[in-house]
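Shown next, in structure tokens, is the structure this report addresses.
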Amino acid sequence: MKNKLRKLHPNIWIVTATSFLTDISSEMIVYLIPLFLSNVLGVRMAFIGLIDGVAETTASLVKIYSGALSDKIGKRKWLTVLGYAISTVAKPFLYFANTWGWVLGVRFADRVGKGIRTAPRDALVASSTDESNRGFAFGLHRAGDTAGAFIGIGIAALIIWLTQTNQAFLSVNTFRIAVLASIIPAVLAVIVLAAGVTEVSPSTSLRSGKGSGVMRLSLKGMDARFKSFLFIVVLFTLGNSSDSFIILRAQERGLSVLQTMFMLMTFTAIYTILSGPLGALSDKVGRRKLIIGGWLMYGLVYLGVALAQAGWQIWMLFGLYGIYYAATEGVAKALVADLVPEAQRGTAYGLFNAAIGITALPASLLAGLLWQGAGTWAGFGPSAPFLFGAVLALFATLLLWRWVK
């Protein structure tokens with residue numbers, strides 16, 4: 001492990017620090033948004049799913065072009081900085097939100113920023129490592145990301161404890177204080193990235209700054225295994241609705257807002273601790289095995305959430321959910337880099353992230369409808385979206401095992 005740390009390019013540390021600060025900011029409010037929508041604004045589940053789905057789909061459409069553009073111009077850094085800056089500017093406007101449409105608008109702008117930065121950033125990380133250390137580098141990045149999330153959720157929990165005597169439901173005052181507190185780390189993240197990261201492109205065309213000269217937005221010419229993996233990821237994601245529904249399920253099973261924050265801290269602690277080691281393990285045993293294990297864990301967790309009878313059971317299951325994230329998030333991105341030539345990685349990451357995000361819209365909307373229905377239809381109840389997700393996860397795992405070698 002020490003040898004792997006010594007081999008890391010400085011860019012990995014800068015990008016990790018940026019994600020650490022960004023997630024302190026983001027996680028202070030992102031998990032409060034569904035509670036704000038439900039508890040304060042009285043928004044129905046289908047609309048909460050729609051907001052999350054539209055936000056992620058927006059990010060995904062932008063990721064396609066951002067990744068391809070970074071391949072064309074041979075530059076990753078400033079697209080990444082621009083993306084983080086846009087999200088930082090958008091976030092404070094949540095302070096003034098008083099309708100679900102306002103929340104949707106802010107989430108839309110924030111996700112545009114995420115869409116611009118994600119594919120160039122991932123390509124920058126991939127170009128800053130070699131194949132033998134790539135899983136560890138992405139795992140370390142995810143660990144920094146989730147360590148920031150742990151601190152951000154902890155700050156949110158402290159704000160809730162200090163500002164609310166009744167912690168069963170979220171208050172508008174608490175939400176606004178959290179929004180204001182989130183601005184400082186977001187600004188620091190942009191400064192660290194702009195000042196610290198450097199362009200790294202081993203290939204001649206990228207090193208010259210000219211890039212490929214062409215924006216390719218298709219899968220043509222890419223490895224067949226990458227195409228198969230992309231299809232399977234779409235299928236898996238169709239049952240992977242927003243984590244907002246797990247938060248609302250925890251509240252429905254009896255957890256208070258403060259207890260929900262502690263549940264999220266349990267999740268991020270496990271995610272943070274395991275991301276680096278599991279990423280390094282994928283360098284030794286292969287990415288596919290880790291992803292298969294992670295997806296199986298996901299299916300079992302969703303099945304457990306569907307059948308849970310008490311809030312503490314959701315808390316325990318959400319902790320195990322951190323294992324799924326640690327085994328798949330960074331490892332899947334490392335697998336993309338393994339399957340795609342460097343000159344196409346910006347496009348590949350754009351397509352990969354887009355496939356996930358675009359599918360998030362029907363996934364989250366479907367979850368809301370299965371839970372609470374629409375109009376006169378009351379839906380199938382809180383367990384339905386989680387049963388659906390568990391079944392699709394197990395099916396996608398089987399396909400990954402059989403199709404992608």
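The values are calculated or read from the model by the stated rules, or taken from the named source; none is laboratory data. Since we're looking at a predicted model, the values are computed, not measured. Cβ sites come from the backbone with ideal geometry, for glycine too, and all protein chains shown count toward neighbours. Only protein heavy atoms, including side chains, enter the accessible area calculation; ligands, DNA and RNA are left aside. Shrake-Rupley method; radii C 1.70, N 1.55, O 1.52, S 1.80 Å.
Tabulated values for the structure
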{"quantity": "Test: residue in segment 395-404 that is within 18 Å of the chain's Cα centre (by Cα), under 26 Å from residue 68 (Cβ atoms) and not small (Gly, Ala, Ser)", "calculated": "no"}
{"quantity": "Residues satisfying the stated conditions in segment 354-366, i.e. closer than 19 Å to residue 44 by Cβ, open to solvent by less than 20 Å² (accessible area, probe 1.4 Å) and modelled with pLDDT of 80 or more", "calculated": "363, 364"}
{"quantity": "Filter result for the condition that a residue is under 19 Å from the mean Cα position of the chain (by Cα) and of a type in the set (A, V, I, L, M, F, W, C), over 126, 97", "calculated": "126"}
{"quantity": "Subset of segment 273-292 [under 21 Å from residue 226 (Cβ atoms) and of a type outside the set (A, V, I, L, M)]", "calculated": "279, 282, 283, 286, 287, 288, 289"}
{"quantity": "Helices (runs of 4 or more DSSP H) wholly inside segment 1-74 containing at least 2 residues that are crowded, with 22+ Cβ neighbours inside 10 Å and among the acidic types (Asp, Glu)", "calculated": "10-27, 45-73"}
{"quantity": "Residue in segment 373-386 that is crowded, with 21+ Cβ neighbours inside 10 Å and within 27 Å of residue 229 (Cβ to Cβ) present", "calculated": "yes"}
{"quantity": "Checklist (1) open to solvent by 40 Å² or more (accessible area, probe 1.4 Å); (2) farther than 20 Å from residue 355 by Cα; (3) of a type in the set (D, E, K, R) applied to residue 114, failing item", "calculated": "(2)"}
{"quantity": "Residue within segment 129-151 that is within 23 Å of residue 20 (Cβ to Cβ) and assigned to a loop (DSSP other than H, G, I, E, B) present", "calculated": "yes"}
{"quantity": "Residue 73 being under 24 Å from residue 195 (Cβ atoms), β-branched (Val, Ile, Thr) and modelled with pLDDT under 90", "calculated": "yes"}
{"quantity": "Pairs where the first residue, in segment 370-383, is closer than 15 Å to residue 49 by Cα and the second is of a type in the set (A, V, I, L, M) and open to solvent by 40 Å² or more (accessible area, probe 1.4 Å), C-beta under 8 Å, 6+ apart", "calculated": "372/378; 379/369"}
{"quantity": "Residue pairs meeting the criteria (Cβ under 9 Å; at least 6 apart or on separate chains; first over 18 Å from residue 185 (Cβ atoms) and free of Cβ contacts under 8 Å to residues at least 24 places away in the same chain, in segment 141-168; second open to solvent by 30 Å² or more (accessible area, probe 1.4 Å) and assigned to a helix (DSSP H, G or I))", "calculated": "162/177; 163/173; 163/177"}
{"quantity": "Residue that is nearest to the chain's Cα centre (by Cα), among those in segment 170-183 that are open to solvent by 10 Å² or more (accessible area, probe 1.4 Å) and within 13 Å of residue 90 (Cα to Cα)", "calculated": "183"}
{"quantity": "Inter-residue pairs, beta-carbon under 6 Å, first under 23 Å from residue 64 (Cα atoms) and in segment 119-137, second open to solvent by less than 10 Å² (accessible area, probe 1.4 Å) and outside any helix (DSSP H, G or I), 6+ apart", "calculated": "120/76; 123/76; 124/76"}
{"quantity": "Qualifying residue in segment 364-376 (condition: in contact with a strand residue (DSSP E or B) (Cβ under 9 Å, 6 or more places away or on another chain) and under 26 Å from residue 255 (Cβ atoms))", "calculated": "yes"}
{"quantity": "Pairs with Cβ under 7 Å, 6+ apart, first in segment 229-250 and closer than 21 Å to residue 349 by Cβ, second polar (S, T, N, Q) and open to solvent by 10 Å² or more (accessible area, probe 1.4 Å)", "calculated": "234/359; 237/359; 238/359"}
{"quantity": "Enumeration of residues in segment 223-252 that are touching a Pro at 6+ places or on another chain (Cβ under 8 Å) and charged (D, E, K, R)", "calculated": "249, 252"}
{"quantity": "Set 320, 335, 369, 351: member being within 26 Å of residue 129 (Cα to Cα), open to solvent by 10 Å² or more (accessible area, probe 1.4 Å) and modelled with pLDDT of 85 or more", "calculated": "335"}
{"quantity": "Check on residue 91, out of contact with any Cys (no Cβ under 9 Å at 6 or more places or on another chain) and at pLDDT below 85", "calculated": "no"}
